[in-house]
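A short reminder: the numbers here are calculations on the coordinates, not readings from a lab. All values reported here derive from a predicted model rather than from experimental measurement. Positions of Cβ are backbone-derived with ideal geometry, glycine not excepted, and every protein chain shown enters the neighbour counts.
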Amino acid sequence: MIPVTRLDGTPMIVNTDQIAWVEYIPDTVISLMNGEKLIVRETPETIVERIREFRRAITGLSPRPANSSRLPLSVVDSSSTGD
C-alpha cells in the first residue's frame, strides 16, 4: 500500500497489487486492475519509487543496485502521439 494525493488534496492509500499501469495524460493517472482510474498529484516516477520502497519493506530486501532488474518497474510517457 502506498500513499497518494488526489488532485483536490485528498490523501488516499492505494494497493500496489491492484495497479495495472501509471501514465501521464497530462496529469498522472493510475489505472487499477478493476478498470477504475485515479488522477493524482504525484509524478509517475514518485509512484514507481514508492512501490519499490513498499516492496522492499515487505520483502526485507535492501535497496538494489541501479543496474539490477529485480523489480521491473519503469515509467512510460504516453503523452506523445508517436508522430
List every residue pair whose Cβ atoms sit under 7 Å apart, with the two residues 6 or more apart in sequence or on different chains, where the first one lies in region 4-24 and is within 13 Å of residue 36 (Cβ to Cβ) and the second, anywhere, is small (Gly, Ala, Ser).
20/31; 21/31
So residue 55, is it in contact with a strand residue (DSSP E or B) (Cβ under 6 Å, 6 or more places away or on another chain), in a helix (DSSP H, G or I) and of a type outside the set (A, V, I, L, M)
no
So, in region 22-51, exactly how many residues are of a type in the set (A, V, I, L, M), closer than 10 Å to residue 4 by Cβ and in a helix (DSSP H, G or I)?
1
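I'd like the full set of residues that are among the charged types (D, E, K, R) and loosely packed, with under 10 Cβ neighbours inside 10 Å, limited to region 1-16.
Listed by number, the list holds a single entry, 8.
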Single unsatisfied condition, residue 31 versus (1) surrounded by 13 or more Cβ atoms within 10 Å (Cβ to Cβ); (2) touching a helix residue (DSSP H, G or I) at 6+ places or on another chain (Cβ under 9 Å):
(2)
